[in-house]
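Novice: Below is one structure. I have some questions about it.
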Amino acid sequence: MRKTPVIGAVLAFTIAASAPAPAQAAAGIHWGPVASAAGHSGKARADVWISDFSAETFVVRGKLYDRDAHAGHCAYVRARFHYAGGGTGWSRASTTCAGRKSFRLSSDGEIRRVDVRVCLYDRAARKTFKCHADAIKPEIIANWPQ
C-alpha cells in the first residue's frame, strides 16, 4: 500500500476542517421577515439578516420574495442608513419580479440605525406602493435574549 494517497487525504481533510464554513463566515443577526403593507392581494417579503452595528461597513442581506400574482408588480427592498457622524443615505434598491432573489445592501461607514423598507413595485408606472419599513437600532438588538 502506498502512503501518498492516505497522506494527501488526511491533509485535504485537515485543510477543509480548519477553513470556516460558509454559514460561519456569513454569520450575523437574523432580524426576521419584513413584509410590505397589508391591504393588497399580493405582497413583497424580505427575510433580513444584519451585521454587527460596530462594523465599519454595515450590511443588510437576505432573500427578497415576490408574492404578488399581478403582472408587472415586483418585490422591492432598500435600506436607509443613519450614520454615526450625522446624516443619512439610501442604498441601491434590489428588486425581483418572479420568485426570490438574494440581496446585499451596505453602508458607507459606521451607522447608528437602519430602516429596511420593503414595497411592491409597479414596473409600468415605475413607482413603489404598499411600503413598510422596520427601524432597526442597536438598543432593540441588545434586549434580545442570547
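The values are calculated or read from the model by the stated rules, or taken from the named source; none is laboratory data. Since this is a predicted model, take the numbers as computed values, not measurements. Heads up: the accessible areas ignore ligands, DNA and RNA and are worked out on the full protein's heavy atoms, side chains in. Shrake-Rupley method; radii C 1.70, N 1.55, O 1.52, S 1.80 Å.
Novice: I'd like the Karplus ³J(HN,Hα) series for region 70-80: coefficients 6.51, -1.76, 1.60, θ = phi - 60°, whole numbers in Hz, and an x wherever there's a Gly or Pro.
Specialist: In residue order, the calculated couplings are 5, 5, x, 9, 10, 8, 9, 9, 8, 10, 10 Hz.
Novice: Show me, for region 105-115, the HN-Hα J-couplings you get by feeding each phi into the Karplus relation (A = 6.51, B = -1.76, C = 1.60, θ = phi - 60°), rounded to Hz, glycine and proline as x.
Specialist: Calculated HN-Hα couplings, in order: 10, 10, 8, 9, x, 6, 10, 10, 6, 9, 10 Hz.
Novice: Name the residues whose placed amide hydrogens come within less than 5 Å of the amide hydrogen of R113, ignoring near sequence neighbours (fewer than 5 apart) on the same chain.
Specialist: Correct list: H82.
Novice: Per residue, what volume in Å³ does the Cα convex hull of region 56-101 take up? Mind dumping the intermediate values first?
Specialist: On the way: hull volume 3.4 nm³, N = 46.
Measuring per residue, one finds 75 Å³ for the Cα hull of region 56-101.
Novice: Of the heavy-atom accessible surface of region 34-146 (probe 1.4 angstrom), what whole percent is carbon and sulfur?
Specialist: Values: 2800 of 6190 Å².
Carbon with sulfur: 45 percent of the solvent-accessible area.
Novice: With every protein chain present, what accessible area does I50 have (1.4 Å probe, heavy atoms only), rounded to the nearest 10 Å²?
Specialist: I50 exposes around 0 Å² with every protein chain in place.
Novice: If the reach is capped at under 20 angstrom between alpha carbons, list the aspartates and glutamates near K63, excluding any in the same chain fewer than eight residues apart.
Specialist: Within the straight-line cut-off, K63 pairs with D47, D52, D115, D122, D134.
Novice: Divide, for region 29-92, the radius of gyration over alpha carbons by 2.2 N^0.38 Å, where N is the residue count. Each step should come with its number before you reach the end.
Specialist: Working: Rg = 14.1 Å, N = 64, 2.2 N^0.38 = 10.7 Å.
My calculation over the Cα atoms of region 29-92 gives 1.32.
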